[in-house]
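The structure appears below as structure tokens.
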């Protein structure tokens with residue numbers, strides 16, 4: 001149990017070195033830059049709108065109210081941080097979706113010598129963008145359906161002693177499981193292994209999946225670093241899939 005959890009975390013961490021390998025980097029750099037640009041624009045726009053709202057609520061001539069700025073500004077940045085935590089996975093996953101499959105293929109080639117990406121055709125990649133995004137949205141819908149009961153349980157149990165602890169642990173485990181399934185899916189999908197089969201195989205090493213997904217959750221909560229979460233997780237999950245779950 002503990003050994004599998006630690007091994008799952010190690011596979012996640014291995015993604016940091018895998019994404020730097022020749023032939024892999026090109027599928028990491030483009031979505032990373034796109035994510036940075038999009039979130040920079042969103043944060044800058046939000047800050048400008050907040051500044052306008054603040055100036056409207058507290059005009060400069062009302063200097064005696066300026067002390068409120070020192071309260072509202074930290075609240076604003078706290079709200080932005082929380083919003084980024086919840087929105088990051090959705091937005092970044094959609095942006096990275098077209099690159100995810102080729103990234104898993106590139107990592108596989110590095111690990112096994114199979115599935116060479118040297119003949120990668122950008123025309124085919126462009127044609128796959130819309131189908132990749134649609135597929136990603138379908139998976140997100142599935143994950144929402146899976147996690148929704150636990151979200152409701154967490155909200156209900158929030159003010160109930162002991163039950164709130166159980167609900168929190170259940171929520172963490174379910175989220176870790178979902179992240180493991182999500183990032184392992186690309187390597188399995190490249191070999192035409194159906195989604196139910198993926199879940200069945202991961203279920204046999206459930207604590208490894210918890211260790212992997214738990215590590216992803218920790219990284220997701222770290223600002224800036226979380227911008228490379230998706231390629232790191234896909235690379236690490238691909239390594240885990242080939243070494244532990246008999247992908248051929």
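The values are calculated or read from the model by the stated rules, or taken from the named source; none is laboratory data. Quick caveat, the model's predicted, so the values are computed rather than measured. Because the Cβ atoms are built from the backbone with ideal geometry, glycine has one as well, and the counts that use them run over all protein chains shown.
A few notes on this one:
- Among the residues of segment 164-179, the ones that are modelled with pLDDT under 75 and surrounded by 14 or more Cβ atoms within 10 Å (Cβ to Cβ) come to 2 in all.
- For residue 196, the conditions (1) in contact (Cβ under 8 Å) with a residue 12 or more places away in the chain; (2) part of a helix (DSSP H, G or I) all hold with the exception of (1).
- Segment 213-231, residues that are over 17 Å from residue 91 (Cβ atoms) and touching a residue at least 60 places away in the same chain (Cβ under 8 Å): 213, 214, 215
- In segment 11-42, of all residues being farther than 25 Å from residue 91 by Cβ and either in contact with a strand residue (DSSP E or B) (Cβ under 6 Å, 6 or more places away or on another chain) or surrounded by fewer than 16 Cβ atoms within 10 Å (Cβ to Cβ) (or both), the one that is modelled with the highest pLDDT corresponds to 17.
- Restricted to segment 219-248, and to residues there that are closer than 25 Å to residue 200 by Cβ and not in a helix (DSSP H, G or I), the residue that is modelled with the highest pLDDT is 245.
- Cβ separations smaller than 7 Å between residues 6+ apart or across chains give no pair from segment 146-167 residues that are on the phi > 0 side of the Ramachandran plot and assigned to a helix (DSSP H, G or I) to residues that are modelled with pLDDT of 70 or more and surrounded by 16 or more Cβ atoms within 10 Å (Cβ to Cβ).
- Some residue of segment 102-119 being buried (at least 16 other Cβ atoms within 10 Å of the Cβ), at pLDDT below 70 and in contact with a helix residue (DSSP H, G or I) (Cβ under 9 Å, 6 or more places away or on another chain): yes
- Verdict on residue 210 being in a helix (DSSP H, G or I) and within 18 Å of the chain's Cα centre (by Cα): yes
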